[in-house]
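Structure record follows, encoded as structure tokens.
The values are calculated or read from the model by the stated rules, or taken from the named source; none is laboratory data. Every value quoted in this text rests on a predicted model; they were computed, and no experiment measured them. As a convention, Cβ positions derive from the backbone with ideal geometry for all residues, glycine included, and neighbour counts pool all protein chains shown. The accessibility values were calculated without ligands, DNA or RNA, using every heavy atom of the protein model including side chains. Shrake-Rupley method; radii C 1.70, N 1.55, O 1.52, S 1.80 Å.
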2 protein chains.
Amino acid sequence: MDIAALRSAHPDHWSKATAIRALTLDAVAAANSGHSGMPIGMADVATVLFEKHLKFDASAPLWHDRDRFILSAGHGSMLLYSLLHLTGYEDFPLDEVKNFRQLGAKTAGHPENFLAHGIETTTGPLGQGISNAVGFAMAEEMLRARFGKKIVDHHTYVIAGDGCLMEGVSQEAISLAGRHELSKLIVFWDNNNITIDGTVDLADRTDQVARFKASGWDVQEIDGHDPVAIDAAIAKAKKGKRPQMIACKTHIALGHAAQDTSKGHGALTDPDQMAAAKDAYGWTTGPFEVPSDVKSAWEEIGRRGTEERFAWEGRLAEISDRKRAEFERTMSGEAPKKLSSVIRALKKQASENEPKVATRKASEMVLEVVNPVMPETVGGSADLTGSNNTKTGDMGVFDVDSRDGRFVHYGIREHGMAAAMNGMALHGGIRPYSGTFMCFTDYARPAMRLSALMQQPVVYVMTHDSIGLGEDGPTHQPVEHLAISRATPNTLVFRPADVVETAEAWEVALTQPGTPSVLSLTRQNVPTVRKEHKTKNLAAQGAYVLADAEAGKRQVILIATGSEVSLAMEARATLEAEGIGTRVVSMPCMELFADQPESYRKRVLPAGPVRVGVEASVRQGWDRWLLGERGREAKSDFVGMSSFGASAPAEVLYDHFGITADNIVAKAKALL
Amino acid sequence: MDIAALRSAHPDHWSKATAIRALTLDAVAAANSGHSGMPIGMADVATVLFEKHLKFDASAPLWHDRDRFILSAGHGSMLLYSLLHLTGYEDFPLDEVKNFRQLGAKTAGHPENFLAHGIETTTGPLGQGISNAVGFAMAEEMLRARFGKKIVDHHTYVIAGDGCLMEGVSQEAISLAGRHELSKLIVFWDNNNITIDGTVDLADRTDQVARFKASGWDVQEIDGHDPVAIDAAIAKAKKGKRPQMIACKTHIALGHAAQDTSKGHGALTDPDQMAAAKDAYGWTTGPFEVPSDVKSAWEEIGRRGTEERFAWEGRLAEISDRKRAEFERTMSGEAPKKLSSVIRALKKQASENEPKVATRKASEMVLEVVNPVMPETVGGSADLTGSNNTKTGDMGVFDVDSRDGRFVHYGIREHGMAAAMNGMALHGGIRPYSGTFMCFTDYARPAMRLSALMQQPVVYVMTHDSIGLGEDGPTHQPVEHLAISRATPNTLVFRPADVVETAEAWEVALTQPGTPSVLSLTRQNVPTVRKEHKTKNLAAQGAYVLADAEAGKRQVILIATGSEVSLAMEARATLEAEGIGTRVVSMPCMELFADQPESYRKRVLPAGPVRVGVEASVRQGWDRWLLGERGREAKSDFVGMSSFGASAPAEVLYDHFGITADNIVAKAKALL
């Protein structure tokens, strides 16, 4: 690469882009870790995007109608941090750049959305950013349909690398975006031909241009170091009718000794090589020093959108007070006041009528009353709409000609679905939920973890939650998946027992500001166990006494969740008939119970009586409640699964694996 | 569709194919559940494949050189069961077909490889079969390179549906197959345009032909009901130089009232509609009755390969005794005798030299001595070769021109990698292991679960196993992933503390006949804690006493794994210096410890002393050992993680999260 020619061809552009390169080299050297090559290689594309196209105002990073910029290749975080610092974001003074990758810095190794304004999404696990972006772009379409083009009208830009495009989830994202003609989604592919192991060719010879076209994208191919070509390509992309991919031929670690090598992917810290690179760049200032004219030029870019923002604020002021209030409520993520009253009404009705329905059906009953009063919900399913019961009558289907539709047919793409939901939640204005079979938690896992890490209140509707799904067999029967989600920090896992608890679980999930929820729901019918209507949300306490022994006669506590609560109630009836005082504790959410004051936990699970846990799942996660949080509390046992399931009718499997009222009774007696 | 025309055009073919259709209708009706439409739609393709091309012998389902037939669209299991029954597989008498989806039947809802011979792989979770198939085809190439074309020379055939192709993992599989020019892999795409939610168009408009071509495949498009076209396409595909996709335009539930509808995907049990369909088919016999001439014709197909098998057996007899013995040992999965001696030698050396290395490096030291004596190992990495330390000097790289290479650059495709390893293991003759960062367990999860369910001894080399990886931050720091793998049935999770334990873990993993292993390995250096050489494999016991208190003075038991064992040893030194007798238990594998006799478990973890568990991970899974298996055993506490990690140098993070010797000491004292 002839660096001198690049410098002289566009000197103003060069100095701005090279500020990114120099800050990257300095920050990575200071941290002695990080990824230098990608920010250096993509500095030209990013500079042109920020200078000429990206709608943003560095002084208002939360402006609702800003364009979103997503660095899917998150290891190149110094690209983003440099841009945010240079353009003047408040969260990114120079000290943050100097503190790259240190404890407490906003400049973490990979971009973390929850650390600072200006970081739209957490990236690093490859393929996630581009898949989030599909959700961002869908959210923009949906909100534009709802609030109008004057209020919502922005693009989603993505920088993705070869790693993002090799990950399978990118195919799910690309094909979903193509299907929905998300024309305001513009992806730059950093085509540098290098991965950690060597050249891309070692593992991949995919024709990415043909691949994107096959999924309905427009593609342009450009020199990623030519600012004129970059500008023209973005201008053209903004006019397209389909999602846009701009393949940018770039040189990783441009101008450094490690240019075009896999070494260039990592931390370039050799002082002599750094000096030589800066020399080639014509960069003469010291470490972390950006010449004031260059910094000023960048700060002007940071202010470029201010006027446009003012104009937008003016347009927002012009719409009706009611519409504006609703827009602001929606964007804030606050639940509407009516939510609790429709939930209360449903609970009352259910506790009186005692329906015997599957909890997936119960969930649908909840959504039927919630969706009409909560227009920000967007439902979906990974091609199991009729099984997950996530589509309600009023929603409409999101499609090219019906952007106001609130149900998304995600296709057989659990991972892409979860990642898109993260994108919608991050965009704001949408409260996404969607369903698949619980066993396919596995497919969605990388994005589900990110919901938790990114503090996004996405709701996962996981139906067919045990061997109770029957004949489809062990590939479809979750046994470890409750444990998997429970092991994940900042995740609420609900396994409601009936309509009442399902309504309560949804209420908690839909009012979370920063925690995702997993609803574990049955395929099979279960009886109503909450037969009295209570105003209070008992599921919000995580566990509660559903039925108790006579005062002073309590010998046994049965703790159960979901479909097994009714089994515990049956077992209790038998035990009580034999004079064995038995309490049943329903435990729809272990995390919320763990968060209760110790006094409440002790009241629900007092030391003394023997305990039997009942859940059609592995025991992992139960010991705390069975063995006793403080140790030495009680003798205990567990009725559940310790192996994979099998293919047979549900009731046969429950017998086969010993998850029966009789077995609960036998285990309780054996402990006494 | 003009069924009459199809019948009359190829009456012999029609009756054979329709035997599949009729058995499918009858079995699904008897079970009152299942998927009728896909077997009915793909019966023509399968019939031609089995009749004219598939190299198999129904009387010898384990013949090593058989072609492999993989039903990636596993919900269409009755297609496979019908074929296995009709051609005369011993495991599939008519009673099995009649017992479809019942407890104990070999005819489970989805094909389960471990239930019967003739089922090559477990399918049902979509996208897995086609991704396994890449591993099957790689294994065939590798074994052909090793043992010669006279002994190994077969194809891998796959039937995949739209669901398989929408799942992201299919892209990883397709691009990997294309990169490696796996010309003996032939995929039939059941292009029926129907998914559960409706027509494919609801969620997808991908041009699959263009997509496969973009990844280096040859593609043919045919009428999937025309036996002449099917035959010609397969014949052509077998001569190709690249992987082959045959797009088969089919009608789901052909000839049934539900034809071409999403209803046709599921269980078609309406008696009148069944009768009408059979009438249209010209099928006049009763339920489960196949006319004897049709059954005979199918049985002849089942015997078609017998002669070829004899010829192969003759060729096998002709090679040298030594080579044949090695071929048979390799295919049996039995480890070579030398394995234990090289492991013992390495343990001796390490316990004497006390190297301070990361356990990922320890793992490489093991592989350096194992791979030369175990030629069936095939290593790999998802583009982290230098980080996972999975490539040893002698392996060579698997490539188009070096099929004898034993290291696979899988690319940034953790899921496809894991699924390919499953395929290699299922094929036989290969013991696959491969690496990624432990946090990306999430990406590989669906296939890791299947390793366990399918009883395949795949080894997952998961490095960078905690906050100890440092600056890359929480997206890369596993905290819940040990719990995730431990929650999964039939999975061994090893977290070795040093070179000695790492060698022991590998020895156990490499001698498993039917259980996958997850090795949790550090990025950071750790000291040698096993300073004496023992012949016995202590890791195989799951946990053992590493250092003990003086007899009678034991007040504290510290239980630790992996990188935290040395912290526990430091804490012990402090406690002992203060006169507090302290035992340290190293627990490299909870599953193996749980399998020990109770007497051993009690000896290692006697009731009485307070216990502190130490692991840079969430507590879930630890309570059994801390609270005491039998309850009422000991007071206890845990030093580990309860949130996501952060970005900072490793030692800073250990301090920040309180995973220090000082904190262990403090917690132990607080309990006393």
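Averaged over peptide B:374-382, the number of partner chain Cβ atoms lying within 10 Å of each residue's Cβ comes to 1.
Whenever you get a sec, compute what percent of the accessible area on segment A:539-671 sits on carbon and sulfur atoms (1.4 Å probe). Carbon plus sulfur share of accessible area: 48 percent.
Based on the convex hull around the alpha carbon atoms, segment B:599-658 presents an average projected area of 4.8 nm². Partners of B:LYS667 within straight-line reach, counting lysines whose Cα lies under 24 Å from its Cα and excluding those fewer than 8 residues away in the same chain: A:LYS602, B:LYS553, B:LYS602, B:LYS635. Here the average projected area of the convex hull drawn through the C-alpha atoms of segment B:139-238 stands at 7.3 nm². Taking the chain by itself as reference, segment A:410-427 contains these residues with an accessible-area loss of 40 Å² or more in the full protein complex (1.4 Å probe, heavy atoms): A:ILE412, A:ARG413.
Position B:ARG205: other-copy label points at 3.2 nm, ordered by increasing distance, label point 7 Å along Cα→C-beta.
Among the listed pairs A:LYS52/A:LYS249; B:LYS184/B:LYS278; A:LYS238/A:LYS278, those with a Cα-Cα distance over 25 Å are B:LYS184/B:LYS278; A:LYS238/A:LYS278. Can you give me the distance in nm between label points at B:LYS249 and B:LEU94, each placed 7 Å from the Cα along the Cα-to-Cβ direction? About 3.8 nm, to one decimal.
Across segment A:284-413, the volume of the C-alpha convex hull divided among the residues equals 230 Å³ per residue.
Mean per-residue shielding of peptide A:578-591 is 0, counting Cβ atoms of other chains within 10 Å of each Cβ. Direction-averaged projected area, Cα convex hull, segment B:539-671: 7.9 nm², rounded to one decimal. Between copies, A:ASP595 shows label-point distances of 3.9 nm, shortest first, with the point placed 7 angstrom from Cα along Cα to C-beta. Of the Cα atoms belonging to the protein assembly as shown, the radius of gyration and Dmax stand at 30.8, 93 Å. Interface residues of segment A:462-478, defined as a loss of at least 40 Å² in heavy-atom accessible area between the chain alone and the complex of all protein chains with a 1.4 Å probe, are A:GLU471, A:ASP472, A:PRO474, A:THR475. Shape of segment A:61-192 from the C-alpha gyration tensor: oblate (a/c of 1.5 or more and a/b not above b/c, with a ≥ b ≥ c the square roots of its eigenvalues).
Mind checking B:160-173 for the average number of partner chain beta-carbons within 10 Å of each residue's beta-carbon? List each step's numbers first, then the result.
Values: counts 0, 1, 3, 5, 1, 3, 11, 13, 18, 7, 4, 12, 7, 1.
The mean count of partner-chain Cβ atoms within 10 Å per residue comes to 6.
Taking amide H as placed 1.01 Å from N in the peptide plane, B:PHE188 has its amide H under 5 Å from the amide H of B:VAL158, B:ILE159, B:ALA160, B:ILE246, each at least 5 places away in sequence or on another chain. Summed over both chains, the contact between A and B buries some 8000 Å² of accessible surface at a probe radius of 1.4 Å. Over chain A, one equal point on each Cα, no solvent: what is log10 I(q)/I(0) by the Debye formula at q = 0.06, 0.12 Å⁻¹? Taken in order of the listed q values, log10 I(q)/I(0) reads -0.39, -1.16. Computed from the C-beta positions of B:GLU352 and A:SER643, the FRET efficiency with R₀ = 35 Å rounds to 0.25. Cα convex hull, segment A:338-526: 101 Å³ per residue, rounded to a whole number.
Per residue of the protein assembly as shown, what 222 nm ellipticity follows from adding -39500 (n - 2.57) for every DSSP H run with n ≥ 4, rounded to the nearest 500?
-12500 deg cm²/dmol
To put it simply, the accessible area of segment A:338-526 at a 1.4 Å probe is 46 percent carbon and sulfur.
Placing a label point 7 Å from Cα along the Cα-to-Cβ axis, B:ARG554 is separated from the same position in the other copies by 3.6 nm, shortest listed first.
In the context of the full set of protein chains, chain B has a per residue accessible area of 30 Å² (1.4 Å probe).
Annotation for segment A:510-562: trypsin sites (Lys or Arg not before Pro) lying in DSSP loop with at most 15 further Cβ atoms inside 10 Å of their Cβ are A:LYS531, A:LYS534, A:LYS536, A:LYS553.
Determine, from the Cβ-Cβ distance of B:VAL373 and B:GLU300 and an R0 of 45 Å, the FRET efficiency 1/(1 + (r/R0)^6), rounded to the nearest 0.05. My answer for the efficiency is 0.45. Under the criterion of Cα pairs below 8 Å and six or more residues apart, the relative contact order for chain A equals 12 percent.
Check cross-link reach from A:LYS531 to the lysines: straight Cα distance under 22 Å, and skip same-chain residues fewer than eight apart. Straight-distance partners of A:LYS531: A:LYS347, A:LYS348, A:LYS356, A:LYS361. Only protein atoms count toward the accessible area here, which uses a 1.4 Å probe; on segment A:3-308, the carbon and sulfur part of that area reaches 49 percent.
How much FRET efficiency would the formula 1/(1 + (r/R0)^6) give for A:LYS241 and A:GLU221, where r is the Cβ-Cβ distance and R0 is 25 Å, rounded to 0.05? Don't jump to the answer; show the numbers that get you there.
On the way: r = 19 Å, r/R0 = 0.76.
Here the calculated transfer efficiency is 0.85.
Could you give me D for segment A:204-269, from Stokes-Einstein at 25 °C and 0.890 mPa s, where the hydrodynamic radius is the Kirkwood radius over C-alpha pairs? Units µm² s⁻¹, please. Once the numbers are plugged in, D ends up at 181 µm²/s. Determine the residues within segment A:94-140 where the difference in accessible area between the chain on its own and the full set of protein chains amounts to at least 50 Å²; count protein heavy atoms only and use a 1.4 Å probe. Buried by the other chains: A:ARG101, A:LEU103, A:HIS110, A:PRO125.
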